[in-house]
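Inspection log for the structure reproduced underneath, given as structure tokens.
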Amino acid sequence: MKAMRFVSPGAPLVLTEVSLPSPRGHELLIRVQACGVCRTDLHLLDGELPAIPFPVTPGHEIVGTVAALGPEASEFRIGDRVGVPWLAFTCGECLYCRSSRENLCERARFTGYTRDGGYAEQVLADERYCLPLPAAGAAAELAPLLCAGLIGYRAYRLACLGETVGEPRRLGLYGFGAAAHLLAQVARAQGVQVFAFTRPGDTAGQRFARELGAEWAGGSDERPGEWLDAAILFAPVGALVSAALGCVRPGGRVVCAGIHMSDVPAFPYRLLWGERSVSSVANLTRADGREFLSLAARLHLKATVQRFALGDANLALERLRSGALEGAAVLELPEA
Ligand SMILES: [Zn+2]
Ligand SMILES: [Zn+2]
């Protein structure tokens, strides 16, 4: 089978012929229909994640159909459509696993990072971490739900739950890409007003945000005329922490949703004063996955996608890096 492999630091991905793996234990062999391109993949390529096991196949927003079952696999059948997210394995024994926080598992493995991912024609995944997906619908439009949507939703819950019951809730989203364009739809459906912050001067991105129902859209150097209750940072820019703190009201929260961020510059304590808080969000739990996918189906979330062939993964990544995308980039594989 063909895979786009990350073979050495600083080098682009290489289209490689690799032998077809066979599933062991609880593994499924999955024929990939589509795989989303995530900001995390860029952090991987830029060497910003620790202990990268070269060579590795990136990709953790995988939609595909089950092609073969490991001897212990029993949850899915051949032909079922499944989603493979970032969380690939947890130990089940550590402090975090035993307290419903498997997203923080000390021995977790991750799809497209510490095990091979979906920038490939086929992929192996442990069925206990796969999510059932509907057979209908374009695979490319489901793929962004599996990380951008899912981990974005974990950040959204952390930002919004328990906040300001009974008054309009206002949520800032910094970086209006794959995750924010899905979350804006969730927020709107739940009566939360969205304030979209893009790169300064990105009028196309601001227009896209308004089309998706944003109350306000502007540059990340601007301030809306009213306090925000919370803000989520999807752009991996440390300087946005103080920018966002400057826009949230006392008691408000700033959530950093990326796996990597540039250093956070010093800022005056008064920005944090008033019981404002800053938090990160790490990974996902399987319960997050099930909850978000059922919400996405109920709300009919619509992903805006730009499709690329597997062999054009480097192009898709460059488009993502330059901010030239509307919505999410997805690698789409031809039907077998
Ligand atoms: Zn664990
Ligand atoms: Zn991701």
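One table, with the values for the structure above:
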item: So L245, is it in contact with a helix residue (DSSP H, G or I) (Cβ under 7 Å, 6 or more places away or on another chain), closer than 22 Å to A187 by Cα, at pLDDT 95 or above and crowded, with 16+ Cβ neighbours inside 10 Å; result: yes
item: Candidate set: the stretch 185-216, residues that are under 20 Å from S242 (Cα atoms) and outside any loop (DSSP other than H, G, I, E, B); chosen: the one farthest from the chain's Cα centre (by Cα); result: W216
item: Count of the stretch 93-125 residues which are surrounded by 24 or more Cβ atoms within 10 Å (Cβ to Cβ) and near ligand 1 (Cβ under 10 Å from one of its atoms); result: 0
item: Members of the stretch 79-94 that are in contact with a strand residue (DSSP E or B) (Cβ under 9 Å, 6 or more places away or on another chain), part of a loop (DSSP other than H, G, I, E, B) and more than 16 Å from ligand 2 (Cβ to nearest atom); result: G79, D80, T90
item: Among the candidates A316, A287, A296, A328, residue that is farther than 23 Å from Q33 by Cβ and not assigned by TED's automatic domain parsing to the domain that holds G191; result: A287
item: Residues being under 22 Å from V7 (Cα atoms) and among the aromatic types (F, W, Y) - total across the stretch 65-118; result: 3
item: Filter result (in contact with a strand residue (DSSP E or B) (Cβ under 6 Å, 6 or more places away or on another chain) and among the small types (G, A, S)) within the stretch 243-269; result: A244, G252, A257
item: Single residue of the stretch 126-135 satisfying the filter (in a loop (DSSP other than H, G, I, E, B) and among the hydrophobic types (A, V, I, L, M, F, W, C)) that is farthest from ligand 1 (Cβ to nearest atom); result: A135
item: Flag for E215 being closer than 19 Å to R169 by Cα and not assigned by TED's automatic domain parsing to the domain that holds W86; result: yes
item: Identity of the residue in the stretch 58-78, surrounded by fewer than 21 Cβ atoms within 10 Å (Cβ to Cβ) and either within 16 Å of ligand 1 (Cβ to nearest atom) or assigned to a loop (DSSP other than H, G, I, E, B) (or both), that ends up farthest from the chain's Cα centre (by Cα); result: P71
item: Residue in the stretch 36-47 that is part of a loop (DSSP other than H, G, I, E, B) and surrounded by fewer than 24 Cβ atoms within 10 Å (Cβ to Cβ) present; result: yes
item: Residues (hydroxyl-bearing (S, T, Y) and either out of contact with any Ser or Thr (no Cβ under 7 Å at 6 or more places or on another chain) or away from ligand 2 (no atom under 16 Å from the Cβ) (or both)) located in the stretch 95-138; result: Y96, S99, S100, T111, Y113, T114, Y129
item: Within the stretch 230-328, helices (runs of 4 or more DSSP H) holding 2 or more residues that are within 16 Å of ligand 2 (Cβ to nearest atom) and without any contact (Cβ under 8 Å) to a residue 24 or more places away in the chain; result: none
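The values are calculated or read from the model by the stated rules, or taken from the named source; none is laboratory data. Here the structure is a predicted model, which is why all the values come from computation and not from measurement. Counting neighbours? That spans all protein chains shown, and the Cβs are built from the backbone with ideal geometry, glycine included.
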